[in-house]
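Quick notes on the structure that follows.
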Amino acid sequence: RTEAAMIEPMEMSPCTASQAARPNAADCRTRRRNLVRPEYLPPCSWASHSMVMSQICQKGLAQRCATKAALIQLTRVTAVEMRPSGVRVNAVCPGWVRTPMADAEMQPLMQRYDESLDAAYQRVCADVPLRRPAQAEEIAGVCEFLASPAASIVTGATLVADGGSSIVDVPTLAFEHM
């Protein structure tokens, strides 16, 4: 039986709380030390959840992009720190995934273009090679793979599951649409 944990970014970052509720630096260091101690981790695999924003930039989202990139580095460092325990640590970076949160993000497009939710997703995925968002089950399958014996040699890796959006050469898109 394979044991795995999925750590959401907010669980790993107590210092992102509002200023009034923010713990002091010592609390953050203690929480990080406790988070990466072997007794707090499953015996086999740990997957952090980042996103494609860790590898690209988006106007107005500097903090979000920077924290997603930091999560990738934390994944790598934790993989090195956990190697004596045999714990594998990897990151998963999905692109658009059909979830209630992403559905809510489609609302401005739906209103602006007077279109359905499906049409809004098609709009944001028009230049993605697979031309569609992922389903949550597909991303869960990626995590399941990373936790499985089939990935027993994989640690410190970032697996991008974005339908190919991160490989698109954006400057050439204008030529494709001619």
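The values are calculated or read from the model by the stated rules, or taken from the named source; none is laboratory data. This is a predicted model, so every value here is computed, not measured. Please note: Cβ atoms are built from the backbone with ideal geometry, for glycine as well, and neighbour counts cover all protein chains shown. The area values use the complete protein model at the heavy-atom level, side chains included, leaving out ligands, DNA and RNA. Shrake-Rupley method; radii C 1.70, N 1.55, O 1.52, S 1.80 Å.
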Fill in the blank from the handout: Order by accessible surface, 1.4 Å probe, largest leading, for residues Asp169, Asp127 comes to Asp169, Asp127
Exercise for the section: List the residues whose amide H sits under 5 Å from the amide H of Ala91, counting only those 5 or more places along or on another chain, with H placed 1.01 Å from N in the peptide plane. Expected result: Ser48, Ala157, Thr158, Leu159
Exercise for the section: Quick one: which residues, 5 or more positions from Val97 or on another chain, have an amide H under 5 Å from its amide H? H modelled 1.01 Å from N in the peptide plane, none for Pro or chain starts. Expected result: Ala134
Practice task
Among the trypsin sites (Lys or Arg not before Pro) in segment 80-178, which ones are in a DSSP loop with at most 16 other Cβ atoms within 10 Å of the Cβ? Mind listing them?
Solution key: Arg131
Completion exercise
Other residues with Cβ under 14 Å from the Cβ of Glu137 give, with Lys and Arg +1 and Asp and Glu -1, a net charge of 0
Exercise for the section: Could you please report the charge total around Glu176, scoring K, R as +1 and D, E as -1 over all other residues with beta-carbon less than 15 angstrom from its beta-carbon? Expected result: -1
